Structures are given as C-alpha cells and as structure tokens.
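What follows is a short report on a single structure.
The values are calculated or read from the model by the stated rules, or taken from the named source; none is laboratory data. Because the structure is a prediction, the values reported are computed rather than measured. Every residue, glycine as well, gets a Cβ built from its backbone with ideal geometry; the counts of neighbours run over all protein chains shown. SASA here: full protein model, heavy atoms, side chains in, ligands and nucleic acids out. Shrake-Rupley method; radii C 1.70, N 1.55, O 1.52, S 1.80 Å.
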Amino acid sequence: MAQKGFNAYTMAQEQFEKVAEQLELDQTTRNLLRVPMREYHFLIPVRMDDGNIKIFKGFRIQHNDAKGPCKGGIRFHPQETADTVRALAMWMTWKCAVVDIPLGGGKGGVICDPHDLSEREQENLCRGWVRQIARDIGPVRDIPAPDVMTNSQHMLWMMDEYQTIFGGQYPGVITGKPVELGGSLGRPEATGYGLVYMLREALKERDTDIANATASIEGFGNVARYAAELFIEYGGTVVSVSCWDQKDSCAYSYYKGKGIDLEELVKITDRFGAIDKKKAENLGYECRPGKDWLKHEVDILMPNALENSITKENVNDINSSVKLIICGANGPITPEADDVLEKKEVVVIPDFLANAGGVVCSYFEQVQSNQNYYWSKEEVLGKLDDKMTDAFHKVWELAKRKKVRLRDAAYMIAISRVAEACKLRGWI
Ligand code: GLU
C-alpha cells in the first residue's frame, strides 16, 4: 500500500541484491530474479447495487514459477499499488522456497475498500476479477488465495466463476476455500499456528520456556488471532493486541497487563477485525491510539498487521525487555530498523519464513483438492508443524554457521533453491 517514503518493492529488491551479493550470483540470474516474470494489470467493470457500473483496477503479478505454479493471495485495499503487489509476489517466491514446497510466487490485488461494498457488489467484483485473469491462472499455472481483507467466501465466488468459464470442477484453482466446498481443515489457523510453532522452536534454542513468555501483538485479524490462541494454549501471556479503527482513522492497541481474554475480544470484533472500543474499555482494556503495542515490557513482539510497521522512527520505542520479534505480516520491519535491532541483539524471525504456515497449508489444500480426498485437522496441523519446524532449524543452523542474521540465512536458502530450479530448467 502506498505510504509516504516507503516502497515495499524497493525494499524487496534491496534485500534480494544484498543476498545475491553474498551468494555471488551471476548477473543473468540476478536479472531474472529481481523482477517479476509476468504482470497483469486490468480493469474490472462491476455492476453496483444502484444499477451503475463502477470500474475497479486489478492486478495479478507472477514473480517466478521455476519451482512450480505461482502461489499467493489477493488483497483488497484502497491504497493498493502495483509496486506493493510486485514486492509481495517476490516474497511469495522466497516463502514457498524456504519451506520447500513445489510452488512459485505470485500476488494479486484490487484497489477497493470492501467496507464500502455490499455482499453482492463484493461477489460481482470477485467474479469480475476472475473473468479478467481466468486464462492466466489455474491449478497448473497460478493459484490465488485469501490475503488482506479477502476471505473464504471471496475465494468460493472466484472458484465458481472459474469453473463456470471452463465448464468443469477445478477446486485446485484457488485455496482458502470454505471447508464445506474444497477447503482444508486447519487453513484458517495455519498462518498464526505456523508462526507459533516456529516461535516455540526459537525459544527452545534460547532456553526460554514459552509458558512463561509474554507477548505484544500488532493486529487482530486472522494471523494475529490464531497466533494469540496457540501462544496462550502453550501457556504464554498476550498483554496487547491492536487494530485499525475505521471511524477514527487510526490504530488502537488494547492492553491488559494480566493478559487479554481472546474469546471476549473476538465477541466484540466486527468481520473486518475491528474491535469495538467502548465495549473493550468496559471490559477493562486500556485503549491507546498509535504504536503503543511496541512499548510494552514483554519478551516477544509479533507485528502481525501490515507492512512498514517498525521503522527507524519508532524502533527505539521498543522496550529493552524485548528479545525476539517474529513477523506475521509481510514486510513489517524496514531494513534500517532491522539494522538497529541487530545491533541491540534482538532476534528477528523474518516474515517470509515466520508466516509461511498459510501457504504451506494452502499447498496441502491444493493437494487435497486435486486428489479430491481430504485429511483430518490433526493430520494437516501435524504436517504443518513438521514443515515449519524443519524450515526453522535449517535457517537457524545456517545463520549460526555463516554468522549472519536469520533473514539473510532464510534468503540464502530460498534464493539458492529458486536459482537452482531455474538452472535445471535451462533458463539461466
Ligand atoms: N496470503 C498468504 C501469504 O501471504 C497465503 C498465500 C497462499 O496461501 O497462497 O502467505
């Protein structure tokens, strides 16, 4: 999303160049991997409830498909930009590669605010998006999924439109579908749970007991909520969550020193993840505007909302008690802030590693959909735990061996795997 002075694509390319240098990649490989292979920008005419047609702008960007069909979410956001989608498509390539699943990277978006659209208008928009891109996505080309402000109902409308166009059952065209119609058990929990499986492993490496750990979380969407759920189940305490307040156009954090009660907060949250401020205050939460979630005296921070959250302007507001930051959002820490955190010896588990649980489970969903045979929730979550645990330890070991930060080690593994796939195919 457009934010003054911040460009996610520039950041993604800078991160890539740095690791390309460390890996001594040749120039041809760099030329291939530093930009998306294909981009689609299109207009979507949508019939609105008042009878008029409104034109929306949509994107699908396919960064690289050497390791398998492209994979990645579709975001609905009023400030969506092509550059943000490019960055996110690139991060999807690395994300799939670092957890070693046979998929490439893509991302989609529509410039819109779903808060302003009725159910029917949202359905028309989803179907319109598919009509524009149907020939360039599909189970063997590119498989979309939910992301910021899109959900399982949106995915189902998209699947239905695709199947109408091609006249067949293709449930593997999209993931994040409702369980009743081709979705996977465990998919809603997957990103948040995957994050906490990894956190559990990281804390073990640091000889810290998760049951005594405290955390402050940014966000209260799907990722944040399930991360909080499992962290609390493991015995940890979440003192604060935060969310955007549409009415006041600012973020609020909701703090309770003895730990939030997830269930009571969920009850007072709307379907876009916004907590009712008045009701929260009545339940004893301190509601503060801005970046208060950064300042609490906790062991762990989880930026689980949007990109560009921890910057050089606010990185020094982080309490000195914080020893570990695990990134549920994509791109929440700017490179300058990352440097400051490294100097302070704060361990940062980077986004495309930490939040890969969503796409891992999407991959499981696609496998199940293509086979038309579905697994139990225990099986899905067990396989997810194995993938996340294995990926974490590979990155941790490499970081230790090469004496580099976790982000660089994760990039090294991911970029090497993608470069190798391109080489095997004879592309470079
Ligand atoms: N939107 C999620 C992500 O950024 C999931 C993508 C997917 O499941 O394909 O990782």
Q: Can you pull a Stokes-Einstein diffusion coefficient for segment 262-350 at 25 °C (0.890 mPa s), Rh from Kirkwood over Cα pairs, as a whole number of µm²/s?
A: 172
**Q.** 5 angstrom amide H check on ARG75, placed H, neighbours 5+ away
**A.** GLY108, GLY109, VAL110
(Q) So if I take the centroid of the Cα atoms in segment 89-143 and the same for segment 199-226, what is the distance between those two points in Å? (A) 29
Q. For segment 176-287, what is the relative contact order in percent, using Cα pairs closer than 8 Å and at least 6 residues apart in sequence?
A. 20
**Q.** Top of MET302, MET198, MET11 by mean-square fluctuation, Gaussian network on the chain, Cα under 10 Å
**A.** MET11
Q.
Which one, PRO332, PRO289, PRO303, has the greatest fluctuation when you compute a Gaussian network model over the chain with C-alpha springs under 10 angstrom?
A. PRO289
Q | Nitroxide proxy distance, nm - points 7 Å out along Cα→Cβ at ARG120 and LYS18 | A | 5.1
Q: Count charges around GLN246 for me, please; just the other residues with Cβ under 13 Å from its Cβ, Lys/Arg as +1, Asp/Glu as -1.
A: -3
Q) Roughly how many nanometres apart are two label points built 7 Å out from the Cα toward the Cβ at GLU263 and ARG206? A) 3.1
Q. What accessible area per residue comes out for segment 94-147, rounded to a whole number of Å², with a 1.4 Å probe?
A. 31
Q: Starting from the alpha-carbon convex hull of segment 7-113, give the projected area averaged over all orientations, in nm².
A: 7.4
Q: For the chain, give the percent of accessible area contributed by carbon and sulfur heavy atoms, probe 1.4 Å, rounded to a whole number.
A: 48
Q: Mind jotting down the distance between the C-alpha centroids of segment 147-188 and segment 340-402, whole Å?
A: 22
Q: Would you mind telling me which residue in ALA305, ALA399, ALA414 has the biggest mean-square fluctuation in a Gaussian network model of the chain, where springs connect alpha carbons within a distance under 10 angstrom?
A: ALA399
Q) Which cross-chain or sequence-distant (5 or more) residues have an amide H under 5 Å from the amide H of CYS70, H modelled 1.01 Å from N in plane? A) GLY104, ASP142, ILE143
Q) Residue by residue, what Karplus-based ³J(HN,Hα) values in Hz, rounded to whole numbers, does segment 287-299 have, using 6.51, -1.76 and 1.60 with θ = phi - 60° and x for Gly and Pro? A) 9, 10, x, x, 9, 4, 4, 6, 8, 5, 7, 9, 7
Q: Report the net charge of residues surrounding SER216, where surrounding means a beta-carbon distance below 13 angstrom and charges are Lys +1, Arg +1, Asp -1, Glu -1.
A: -1
**Q.** Only Lys, Arg (+1) and Asp, Glu (-1) charged, at Cβ; the chain dipole about Cα centre in debye
**A.** 880
Q.
Suppose a student asked you for the relative contact order of the chain, using Cα pairs under 8 Å spaced at least 6 residues apart; what percent would you report?
A. 16
Q) Given 0.36 nm per residue, what is the gain on full extension from LYS403 to SER321 after removing their alpha carbon distance, in nm? A) 27.1 nm
Q) Which translational diffusion coefficient, to the nearest whole µm²/s, is obtained for the chain from the Stokes-Einstein equation, given a Kirkwood hydrodynamic radius over C-alpha pairs, 25 °C and 0.890 mPa s? A) 113
**Q.** ³J(HN,Hα) computed for each position of segment 352-360 - Karplus, 6.51 cos²θ - 1.76 cosθ + 1.60, integer Hz, glycine/proline x
**A.** 6, 8, 5, 9, 6, x, x, 6, 4
Q) Summing -39500 (n - 2.57) over the DSSP H runs of n ≥ 4 in the chain and dividing by its residue number, what mean residue ellipticity at 222 nm do you reach, to the nearest 500 deg cm²/dmol? A) -14000 deg cm²/dmol
Q) Separation between the HIS393 and ARG141 pseudo-spin-labels, each 7 Å from Cα along Cα→Cβ, expressed in nm? A) 4.0
Q. Got a sec to turn the phi values of segment 336-348 into Karplus ³J(HN,Hα) couplings, 6.51 cos²θ - 1.76 cosθ + 1.60 with θ = phi - 60°, whole Hz, x for Gly and Pro?
A. 5, 5, 4, 4, 4, 5, 5, 4, 7, 6, 8, 6, 10
Q) Nearest 0.05, what FRET efficiency do ARG131 and TYR374 give at R0 = 25 Å with Cβ-Cβ as r? A) 0.30
